[in-house]
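These notes concern the structure reproduced below.
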Amino acid sequence: MKNLIPIIICIILLAFISDTPKIQQFSLSIFAWSSYSTDLNLDGYNDIAVGHKTAWERTNQTVSFLYGNGNDFAPDTNYLNFCGYQDAIFAIKVNNDAYPDIICQHSDLSGNMAQRYIRVIYNQSGVFDLDSILDINLNTSEIVNYYTHGDINGDGWQDIVIASNNGYFWGVLFNDTQGSFLEPEYHFTDGYITMPGCGDINNDDKDEIFVPTTGKTLLFGYINGLVLFDTISTPFGIPFFCDFDNDFDNDIVCYDRQYPLGIVMHFYENINNDSLFYNQRRDIILNHYGNQVEIADLNNDNLPDLILD
C-alpha cells in the first residue's frame, strides 16, 4: 500500500460570526492537489472529490473520493488512475441526468508533443469509472494550470473556463447543452495568469469572469460574445464567489498566499449588486501554506464553508 500523507485536507467551517473555526483533518494517498465538495451520490449529504497529480505512466491515484454523512467523511477505497495534474478538480451537471459529473485534466504524452484535454467523467448514479468519459482536446501543448466553471452565456448550463500561466492565455469551453462542450475560445494577455473566478455580480443571470493577471485583474462578461467589462488595477488574489453575509448577492472571497504570513483570505462585501463596488470587510490569516480553496455548505447550515487543502 502506498504511504499516506497526513493532513492533506483541512476542512474549515466558518459561520462568519465566530472567531474559532472547527477543523477536521484527513489522511489521503500521495500527491493530493485539489478538492471539490458536492453531493455526488444524491443521498442528501455533501461529498468530496480529490484530484491528485499523476505523471505519465505512474499508477498513483488521480481522482479519489470521500463520502459524507452530514457530520463526517469516509474515504472510498475505489479511485481512478490516468495521467493528469489535477490543479482544480470540480463537479458540475453536464448532461440531462440529475447527477454531477467530474471535470478534470488529462494529458497524453505518448507522441512527440503533449496533448492536453479536459476530461469529463460521467456520474453513473453515484459511480465513476473510466468507461464513461469524454475528452475535449484543448488544441495546445501548453500546460493549462487553472480551470473553473460558470454559466457564462446565461443558457442555464455550466461552461468551463481555463487558463495557462506560462502560455499567457485563458479560454472558455461553452456547454453545447447536449452533454458535451465546444472547443475552447482563447484570449491572450500580456502577463502571467492565476486562477480565474466566475460569478454573477451584477444580477444579469450570467456569470462574469475575473482573470487575475500580472498587475491587474480583467473582468469579462457576455453580451452576444465575451466582452471586456473592466480592468481592475489592483489584483486581489484568486477570487471565489458566495453570499457570505446572507444578503442575497454575491460577495467575493479571495485566496492570497503571502509569505511569511501563510494564506490570507480577503472578504469583499458586495454593497450593490447592480454595480461592481466592493468594501473589504475582514481578513483571516491562516498559518498554513495550501494549494487550493473551495467553498461549499458542508454542514447544511446555509452558510458557506471553506475547504483548504
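The values are calculated or read from the model by the stated rules, or taken from the named source; none is laboratory data. Fair warning: this is a prediction, and the values are worked out from it, not measured in the lab. All Cβ positions, even for glycine, are placed from backbone atoms using ideal geometry, and neighbour counts span all protein chains on display. These area figures cover heavy atoms from the full protein model, side chains too; ligands, DNA and RNA do not enter into them. Shrake-Rupley method; radii C 1.70, N 1.55, O 1.52, S 1.80 Å.
Provide the gained length on full extension for the span E142 to N96, in nm with one decimal, where the gain is 0.36 nm per separating residue minus the Cα-Cα distance. Numbers along the way, then the final one.
Details: separation 46, 0.36 × 46 = 16.56 nm, distance 3.21 nm.
Extending this stretch completely gives an extra 13.4 nm.
Work through the residues other than A114 whose Cβ is under 14 Å from its Cβ and net out their charges, Lys, Arg +1 and Asp, Glu -1. All intermediate terms of the calculation are to be shown ahead of the outcome.
Details: positive: R116; negative: E57, D108, D135, E142.
Taking every Cβ under 14 Å from that of A114, the sum is -3.
Could you tell me the distance between the Cα centroids of the stretch 135-187 and the stretch 30-70, to the nearest Å?
Between the Cα centre of the stretch 135-187 and that of the stretch 30-70, the gap is 21 Å.
Go from 0 up to the bin containing the longest alpha carbon distance in the stretch 72-155, width 10 Å each, and give me the % of pairs per bin.
15, 45, 31, 8, 0
Going by average Cβ density within 10 Å per residue, which order do the peptides 131-143, 210-222 take, highest to lowest? Display every interim value, and only then the final one.
On the way: 131-143: 15.1, 210-222: 19.5.
Peptide ranking by packing, descending: 210-222, 131-143.
Apply the Karplus curve 6.51 cos²θ - 1.76 cosθ + 1.60, θ = phi - 60°, to the phi angles in the stretch 96-106 and return the couplings in whole Hz, x for Gly and Pro.
Once θ is set to phi - 60°, the couplings for the stretch 96-106 become 8, 7, 8, 8, x, 9, 7, 10, 8, 10, 9 Hz.
Which FRET efficiency, nearest 0.05, do I30 and V227 yield, Cβ-Cβ r, R0 41 Å?
Computed FRET efficiency for I30 and V227 comes out at 0.40.
Take the solvent-accessible surface of the protein heavy atoms, probe 1.4 Å, and return the percent of it on the stretch 78-195 that carbon and sulfur atoms account for.
Numbers: 2160 of 4860 Å².
Solvent-exposed carbon and sulfur of the stretch 78-195 make up 44 percent of the total.
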